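Beneath this line is the structure, given in structure tokens, with notes to follow.
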Amino acid sequence: MSPKPTISIIEVMSDPGKEGRPNEDRLGYNQHAAFVFDGATGLGDRQFMQDYGSDAAWIAEFGAMQLEQRLDATSDPKAILRAISEDARQAFEAVAGEQPRYAWPLCSLTGLRATPTGFQYFGLGDSALYILHDDGRSDFVIPIPGAYEWEQHRAAEHIARLGGIGASGSANTDPTTLENLRKGRALQNTPNGATWTFGVVPEAADHLFVCDVPIHGGGATAILCSDGLADLVALYKTYDPASLIRRAATTGLRSLVAELRHYERELDPDGLQYPRFKQSDDTTAILLRLTA
């Protein structure tokens, strides 16, 4: 009898982007799967869900805790995420009542699970998977191809208009940028928008990106991460997928965060060379070993 595909956790890490600001990322795992939720910083006028730091942190934690409990090797991830989202909607509306769509909490999701026959990726939004196979091949998986390039383009427009990210370290304190961000956020999880994310819209689960992940060479090492860590590849171009994983496996995820913060806080704090909406973003990652 051949061995079953297995996921082993090597290391986990979650680092807030700014001291005094809530970390809006969460991670989770069980014997079958691992996943990262990246809460989208709220654009509403106030916070509704207390004791979590922000509504974005609440939805990320809600999703991670529920998925950890409910997802196994054979269940339909779309059905599970739809049910979790329905529960989240009820919880949010019980506290917040009716709110404009731009104030609804949401987050991106990147996940990987071992099924009886192999490995399966699932995700929503702009968090990613990097994978290095034992035969030397590498892959990058993201639910929205081109998401990082589009974000950089929009951030560059903000920076060109204001001359930098802004004194607060976050672009959404500028009224014009905030209005544009709200328009985009309100279109998420609607037929008129281009982005589906996890949150309080259950039908978004129908748009979950799911694909098989073949393993080459008998095994692989992988990183599931929020877009914060992905900036080392997509924005700063310090690594490619293979070298990112080799560095993490050799010196640990914390070494990657130190490099990221050096770019953000010392080399380019105003985003003039590397356009982005925040000086420093929350950064969360899981380093995994896959045995086929």
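Throughout, read-outs are computed from the coordinates displayed, never taken from laboratory work. What you see is a predicted model; the values in this text were computed from it and never measured. Here Cβ is always computed from backbone atoms with ideal geometry, including for glycine, and neighbour counts include all displayed protein chains.
So what's the net charge close to Q90: Lys and Arg +1, Asp and Glu -1, counting the other residues with Cβ under 14 Å from its Cβ? Summing Lys/Arg as +1 and Asp/Glu as -1 gives -2. Extension gain for Q50 to E259 (0.36 nm times residue separation, less C-alpha to C-alpha distance): 71.9 nm. Coupling constants for the range 198-214 follow from the phi torsions by the Karplus curve (6.51 cos²θ - 1.76 cosθ + 1.60, θ = phi - 60°), and in residue order they are 8, x, 10, 10, x, 5, 4, 4, 5, 9, 4, 7, 10, 8, 6, 10, x Hz; glycine and proline get x.
Highest mean packing first, where packing is the average number of other Cβ atoms within 10 Å per residue, the peptides 192-205, 55-68 line up as 55-68, 192-205. Summarising the label geometry, the points placed 7 Å from Cα in the beta-carbon direction at E11 and T190 lie 4.3 nm from one another. Of the residues S75, S138, S170, the one that moves most in a GNM of the chain with alpha-carbon contacts below 10 Å is S75.
Amide H to amide H, with H built 1.01 Å from N, Y274 comes under 5 Å of no residue 5 or more places away or on another chain.
Return the whole-Å distance between the Cα centroid of the range 244-292 and the Cα centroid of the range 42-77. First find each Cα centre; the distance between them is then 23 Å. Across the range 125-133, coupling constants 3J(HN,Hα) worked out from phi with the 6.51/-1.76/1.60 Karplus curve, θ = phi - 60°, read x, 10, 8, 9, 10, 10, 9, 10, 7 Hz, and Gly and Pro carry x. Of all lysines in the structure, the ones whose alpha carbon falls short of 27 Å from that of K278, not counting any fewer than 8 places away in one chain, are K18, K183, K237. A simple rule links phi to the HN-Hα coupling: the Karplus curve 6.51 cos²θ - 1.76 cosθ + 1.60 with θ = phi - 60°, which for the range 77-85 gives x, 5, 5, 5, 5, 4, 5, 5, 5 Hz, with x for Gly and Pro.
Based on the Kirkwood radius over alpha-carbon pairs, what is the Stokes-Einstein translational diffusion coefficient of the range 26-138 at 10 °C with 1.306 mPa s viscosity, in µm²/s? Write out the running numbers ahead of the final one.
Details: Rh = 15.1 Å.
Value of D from the Cα-based Kirkwood radius: 105 µm²/s.
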